[in-house]
Amino acid sequence: MSEFLFPPFQTPGIPVKGEAALYPVNRIFCVGRNYAAHAAEMGNEVDREAPFYFTKAPAAFAPSGTKTPYPPGTTNFHHEMELALAIGRPVFRATRDEAMAAIYGYACALDMTRRDLQISEREKKRPWDLGKDVEKSAIIAEITPAGSFGSIADQAIRLTVNGETRQDASLEEMIWKADEIISHLSGFYHLAPGDLILTGTPAGVGPVTAGDHIEGHIDGLAPVELTLTEPE
Ligand code: MN
């Protein structure tokens, strides 16, 4: 048994509906531009060639209900409401059927974004880390096991800020479907339990500010909530 010089990072856990044990958070993959209307509002065309990804460190995870200061280094912090997939078995080069079978459950998630930095990085052809891998920017709510959610169809996906609707769409608008994403991503990674995939946001993203209360809903799932307090 090795000893560590410093306390090692502790794996965060996500509550699961009907289970006492938590789902462990390992990697957090995020899909870009997976709803045509959001790609358009960001000034991009939809690319049907292949999905693309960025990642957030497990340290970027925070549970639903988190209250956290407006982050440093941005004046344009945006909300993005997303469906999260939680992987429940090892998959590598999965077929679409194997990909579906690998989904342990689903959750409401927020991909909070320093939009000003994401865009300036993008324009300079630099990686998006400062824009996307923000501390406490991957807010993931309670996971509902796949069997009790059923299939992804035309469930509503919505987000409100201080009770006012900002995003209102349907999961059927997703360009890359859950099984296609997992099948594609598993060509590059040995996906395993603990890996989470945020599947992209519909149109209506926009800025939030200190004091705002953000709430996201998907039919059939527990809502995700975040409150921003004054900057540190
Ligand atoms: Mn996103």
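Taking the charge dipole of the chain about its Cα centre, with +1 at Lys and Arg Cβ atoms and -1 at Asp and Glu Cβ atoms, the residue from 197, 140, 64 reaching farthest to the positive side is 197.
Using Cα pairs closer than 8 Å and at least 6 residues apart in sequence, work out the relative contact order for segment 13-229, in percent.
33
Where a ≥ b ≥ c are the square roots of the eigenvalues of the C-alpha gyration tensor, would you call segment 18-90 rounded, which needs a/c under 1.5, or, failing that, prolate if a/b is larger than b/c, or oblate? Taking the square roots of the gyration eigenvalues as a ≥ b ≥ c, segment 18-90 is oblate. Taking a ≥ b ≥ c as the square roots of the eigenvalues of the alpha-carbon gyration tensor, the chain is classed rounded because a/c is under 1.5. Loop-located chymotrypsin sites (Phe, Trp or Tyr not before Pro) across segment 136-189 with a Cβ neighbour count of 12 or fewer within 10 Å are 188, with loop assigned by DSSP.
Taking amide hydrogens as placed 1.01 Å from N in the peptide plane, the amide H of residue 195 sits under 5 Å from those of 26, 27, 87, each at least 5 positions away in sequence or on another chain.
Of the residues 151, 220, 53, the one whose Cα sits farthest towards the positive end of the charge dipole of segment 13-229 is 53 (charges of +1 on Lys and Arg Cβ, -1 on Asp and Glu Cβ, taken about the Cα centre). Only lysine pairs 8 or more places apart, or on different chains, with alpha-carbon atoms under 16 angstrom apart are counted in segment 13-229, and they number 4.
The region of the chain that goes longest without hitting one of the trypsin sites (Lys or Arg not before Pro) in a DSSP loop, each with at most 12 other Cβ atoms within 10 Å, is 126-232. Scalar couplings 3J(HN,Hα) for segment 225-231, obtained by applying the Karplus form with A = 6.51, B = -1.76, C = 1.60 to θ = phi - 60°, are 10, 8, 10, 9, 9, 4, x Hz; x denotes Gly and Pro. Tell me which chymotrypsin sites (Phe, Trp or Tyr not before Pro) from segment 95-142 have a DSSP coil assignment and no more than 11 other beta carbons within 10 Å of their own. Filter output for segment 95-142: empty list. Rounded to the nearest Hz, the phi-derived 3J(HN,Hα) couplings of segment 209-220 under the Karplus curve 6.51 cos²θ - 1.76 cosθ + 1.60 (θ = phi - 60°) are 9, 4, x, 6, 10, 10, 9, x, 10, 10, 3, x, where x marks glycine and proline. Among the chymotrypsin sites (Phe, Trp or Tyr not before Pro) in segment 1-70, those located in a DSSP loop and surrounded by at most 14 other Cβ atoms within 10 Å of their own Cβ are 4, 9, 52. Look at where the Cα atoms of segment 143-197 and of segment 67-128 average out, and the two centres are 11 Å apart.
The HN-Hα couplings worked out from phi for segment 59-69 by the Karplus form 6.51 cos²θ - 1.76 cosθ + 1.60 (θ = phi - 60°) are 5, 7, 5, 8, x, 4, x, 4, 10, 9, x Hz, whole numbers, x standing for Gly and Pro.
With a ≥ b ≥ c taken as the square roots of the eigenvalues of the C-alpha gyration tensor of segment 114-211, please select rounded if a/c is under 1.5 and otherwise prolate if a/b is larger than b/c or oblate if it is not? Oblate, because a/c is 1.5 or more while a/b does not exceed b/c. For the chain, a crude dipole built from +1 on the beta carbon of Lys and Arg and -1 on the beta carbon of Asp and Glu, taken about the Cα centre, is about 480 debye to the nearest 20.
The H on the amide N of residue 167, modeled in the peptide plane, is under 5 Å from the matching H of 159, each at least 5 residues off or on a different chain. Probing with 1.4 Å while keeping every protein chain in the model, the per residue accessible area of segment 13-229 equals 43 Å².
Rolling a 1.4 Å probe over the protein heavy atoms of the chain, with every protein chain left in place, gives an accessible area that is 52 percent carbon and sulfur.
The values are calculated or read from the model by the stated rules, or taken from the named source; none is laboratory data. Note that the coordinates shown come from a computational prediction; the quantities given were computed from them, not determined experimentally. For neighbour counting, all protein chains shown are included, and Cβ atoms are generated from backbone atoms with ideal geometry for every residue, glycine included. Each accessible area value is taken on the protein alone, full model and side chains, heavy atoms only, with ligands, DNA and RNA left out. Shrake-Rupley method; radii C 1.70, N 1.55, O 1.52, S 1.80 Å.
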